[in-house]
Amino acid sequence: MVLDRDDRRVAALYAALLRTHGPTFKALDWSAQSSQDQRFEALTKLGIASGDRVLDVGCGLGDFLPWLVGRGVRITYTGIDITPDFVAHCRATHGEGCFLEGNVLEDLAGLAPRSFDWVVASGIFAHRQDRPWDYMKALIAAMMALADRGVAFNAQSTLAPHPERWKLFHADPHRTETHCRDSGWTCLLVHDPGKTDFTQYMWRPESDAGRGDGKPSSSLRPA
């Protein structure tokens, strides 16, 4: 596993939260279980359906997998996380998934491009301190390379209120969407009023079609 100093700091933070709170939403630094569920629902709107191959970057406790199964969505699931204790929990708890320990920037470099239909990430940018915008752009590029059909991720927003209280990294949603659109992919940014974060969706252009399995696109996808 190849981690920089900031990744090691973040991994240690989450390991401490897991020791304190056990395998609950609090170990993932979510404010409530409903917050995690809402983010999962948003990611699924990318177009994830039964039979798809999904990579969950920063998978935490692997909760996205049983969340999908509980809604009748059966996928081929791979999760990767930089926190060894999270990965150990996932492997012991979710036998139907594949869980990897590492950083998607380095530890998945050997995978073939477009190894997954969808690549998603939830809550992975907030605790970054060292050049967070550059780190975010690098991860977006890595996720795009691994996605055959699309990418979705969320981030804390600079449009959130009370900036004087922020302790986490907040990304500019307009800057983020512009960066993603510059890739040539079809993009949609969703920023619900009253929420402190946004979700960015990206779909590979139809001219660069993937498996061509005939599955319908997400209803969110722009025409």
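Every number here is computed from the coordinates shown, using simple stated rules; none is lab data. The model shown is predicted, which means the values in this text are computed figures rather than measured ones. Every residue, glycine as well, gets a Cβ built from its backbone with ideal geometry; the counts of neighbours run over all protein chains shown.
Structural remarks
- Restricting attention to the range 202-212 and to residues that are among the small types (G, A, S) and not in a helix (DSSP H, G or I), the residue that is farthest from the chain's Cα centre (by Cα) turns out to be G212.
- Cβ pairs under 6 Å, 6+ apart, first in the range 170-181 and surrounded by fewer than 18 Cβ atoms within 10 Å (Cβ to Cβ), second not small (G, A, S): D172/T158; R181/C187
- Of the strands (runs of 3 or more DSSP E) contained entirely in the range 80-196, those carrying at least 3 residues that are touching a Leu at 6+ places or on another chain (Cβ under 6 Å) fall at 116-121, 147-156.
- If you go through the range 64-102 and keep only what is of a type outside the set (A, V, I, L, M, F, W, C) and buried (at least 22 other Cβ atoms within 10 Å of the Cβ), you end up with Y77, T78, G79, D81, T83.
- Scan of the range 127-171 for residues that are over 30 Å from R114 (Cβ atoms) and not β-branched (V, I, T), ordered by number: Q129, L159, A160, P161, H162, P163, E164, R165, W166, K167, L168, H170
- Qualifying residue in the range 57-67 (condition: assigned to a helix (DSSP H, G or I) and over 27 Å from A109 (Cβ atoms)): yes
- Residue within the range 69-86 that is hydroxyl-bearing (S, T, Y) and closer than 22 Å to S183 by Cα present: no
- Hits in the range 1-60 (condition: farther than 22 Å from M136 by Cβ and small (G, A, S)): A15, A16, G22, A27, A32, S34, G47, A49, S50, G51
- Within the range 5-39, being exposed (fewer than 13 other Cβ atoms within 10 Å of the Cβ) and assigned to a loop (DSSP other than H, G, I, E, B) holds for G22, S31, A32.
- Number of the exception - T199 against (1) hydroxyl-bearing (S, T, Y); (2) assigned to a strand (DSSP E or B); (3) over 16 Å from the mean Cα position of the chain (by Cα): (3)
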